[in-house]
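The values are calculated or read from the model by the stated rules, or taken from the named source; none is laboratory data. Being a predicted model, the structure only gives us computed values, none of them experimental. As a convention, Cβ positions derive from the backbone with ideal geometry for all residues, glycine included, and neighbour counts pool all protein chains shown. The protein model used for the area step is the full one, side chains on, heavy atoms only, and it has no ligands, DNA or RNA in it. Shrake-Rupley method; radii C 1.70, N 1.55, O 1.52, S 1.80 Å.
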Amino acid sequence: MTMPNSIRRMFSEVAHRYELVNKVITMCMDGYWRKLAAKVACASGASAVLDLCSGTGDMALAIAQTASCKPTIVAVDFCPQMAMKASLKLRDVGGIVIVADVKALPFADSSFDAITVSFGVRNIFTGYKAFIQCLKEMKRVLSDGGKLVLLETSQPKWRIVRRLFHCYVRSVVRHLGGWLSGSKKAYRYLSETIERFIDADELSSVLMEAGFHNVAVIPLLFGIITIHVAIK
Ligand SMILES: C[S@@+](CC[C@H](N)C(=O)[O-])C[C@H]1O[C@@H](n2cnc3c(N)ncnc32)[C@H](O)[C@@H]1O
């Protein structure tokens, strides 16, 4: 199993090229998915939104650009190199960036109306027990009725789509990502997490086990990507 310190190190190695690789491997669809997730998160208004595993801040920026309610936005990532890029990106929209681990969030209970995690939960899924603990930590800082929005790769239900997707991940994402970023190890790790991550139904069950309710799933691109919405 990959330990948190080596995950942090891998992200620090790819931070300088992270956005470029995302654009290339998703054929520029990543921005559209984040905007959609941002709209879902802020649909019923929010005064404070927390973006976890924020990376270089693209999801937090999508919230700033999409939300008509103009919430306070706090972005959290445990990798300083990623957080540094997020700070520069969010400076003009007043977003706050904090370096912290999602397992121990430095916020009081019920501090946020919505939490977003884009392409992040896959990295914190090191086993069911630890994952549920993480989700409970997210729930702690959400206000009652608050919304958790997870944008993540998933396992398409149709076998043929799943096979093609995994083939694309193994042969394109892994090698192209490794080549563009200069870190073969990081994109080998990322492609492995994509293939072994749980499917949409399992993720819904885990969310309910962590105490969330009204879990809804929005499948995108034949179920390759999903948005899970869960209420505290
Ligand atoms: C694949 S990137 C996603 C970045 C961004 N949300 C996006 O949409 O592109 C995953 C991010 O999660 C961060 N991360 C992984 N585990 C974490 C943890 N336990 N606590 C905080 N951040 C974590 C990594 O540093 C990395 O920046």
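Looking at the range 136-162, which of the residues that are assigned to a strand (DSSP E or B) and small (Gly, Ala, Ser) is most open to solvent (accessible area, probe 1.4 Å)? The selected residue is 145. Within the set 46, 64, the sole residue that is more than 12 Å from the ligand (Cβ to nearest atom), modelled with pLDDT under 95 and surrounded by 17 or more Cβ atoms within 10 Å (Cβ to Cβ) turns out to be 46. The condition (being within 21 Å of residue 18 (Cβ to Cβ) and touching an Asp or Glu at 6+ places or on another chain (Cβ under 8 Å)) is satisfied by just one residue among 169, 173, 141: 169.
Going through 139, 70 one at a time, which residue ends up being of a type in the set (Lys, Arg), away from the ligand (no atom under 13 Å from the Cβ) and modelled with pLDDT of 95 or more? Answer to the check: 139.
Select from the range 73-83 the residues that are among the aliphatic types (A, V, I, L, M) and under 23 Å from residue 14 (Cα atoms) and write down the one among them that is nearest to the ligand (Cβ to nearest atom).
Residue satisfying both the conditions and the ranking: 82.
Take the range 32-43 and flag every residue that is within 14 Å of the ligand (Cβ to nearest atom), out of contact with any helix residue (DSSP H, G or I) (no Cβ under 6 Å at 6 or more places or on another chain) and either under 21 Å from residue 105 (Cα atoms) or open to solvent by 10 Å² or more (accessible area, probe 1.4 Å) (or both). If you could, list the steps in order and put the result at the bottom.
Residues of the range 32-43 that are within 14 Å of the ligand (Cβ to nearest atom), as a first pass: 32-38, 41.
Restricting the remaining residues to those that are out of contact with any helix residue (DSSP H, G or I) (no Cβ under 6 Å at 6 or more places or on another chain) gives 32-33, 36-37, 41.
Across the range 32-43, the qualifying residues are 32, 33, 36, 41.
In the range 114-135, the residue that is farthest from the chain's Cα centre (by Cα) out of those that are surrounded by fewer than 23 Cβ atoms within 10 Å (Cβ to Cβ) and away from the ligand (no atom under 13 Å from the Cβ) is 129.
Kindly establish whether residue 7 is within 11 Å of the ligand (Cβ to nearest atom), part of a helix (DSSP H, G or I) and β-branched (Val, Ile, Thr). Here the answer is yes, as residue 7 does meet what is asked. Considering the range 90-103, and only residues there that are more than 9 Å from the ligand (Cβ to nearest atom) and either part of a loop (DSSP other than H, G, I, E, B) or crowded, with 21+ Cβ neighbours inside 10 Å (or both), the residue that is farthest from the chain's Cα centre (by Cα) turns out to be 94.
Which one of these is out of contact with any Leu (no Cβ under 9 Å at 6 or more places or on another chain) and either free of Cβ contacts under 8 Å to residues at least 24 places away in the same chain or part of a strand (DSSP E or B) (or both): 35, 85, 39, 70? Lay out the reasoning, then the answer.
On the way: 35 fails: either free of Cβ contacts under 8 Å to residues at least 24 places away in the same chain or part of a strand (DSSP E or B) (or both); 85 fails: either free of Cβ contacts under 8 Å to residues at least 24 places away in the same chain or part of a strand (DSSP E or B) (or both); 39 fails: either free of Cβ contacts under 8 Å to residues at least 24 places away in the same chain or part of a strand (DSSP E or B) (or both).
Among 35, 85, 39, 70, only 70 is out of contact with any Leu (no Cβ under 9 Å at 6 or more places or on another chain) and either free of Cβ contacts under 8 Å to residues at least 24 places away in the same chain or part of a strand (DSSP E or B) (or both).
The residue of the range 142-171 that is farthest from the ligand (Cβ to nearest atom), among those that are among the aromatic types (Phe, Trp, Tyr) and touching a residue at least 24 places away in the same chain (Cβ under 8 Å), is 158.
Within the span defined as the range 177-188, every residue fails to be touching a strand residue (DSSP E or B) at 6+ places or on another chain (Cβ under 6 Å) and hydrophobic (A, V, I, L, M, F, W, C). Return the residue satisfying two criteria in turn: it lies in the range 174-195 and is part of a helix (DSSP H, G or I), more than 13 Å from the ligand (Cβ to nearest atom) and touching a residue at least 60 places away in the same chain (Cβ under 8 Å), and of such residues it is most open to solvent (accessible area, probe 1.4 Å). Of everything passing the filter in the range 174-195, 185 is most open to solvent (accessible area, probe 1.4 Å). Here the range 49-59 is the region considered, the condition is being within 12 Å of the ligand (Cβ to nearest atom) and either in a strand (DSSP E or B) or free of Cβ contacts under 8 Å to residues at least 40 places away in the same chain (or both), and the residue that is surrounded by the most Cβ atoms within 10 Å (Cβ to Cβ) is 51.
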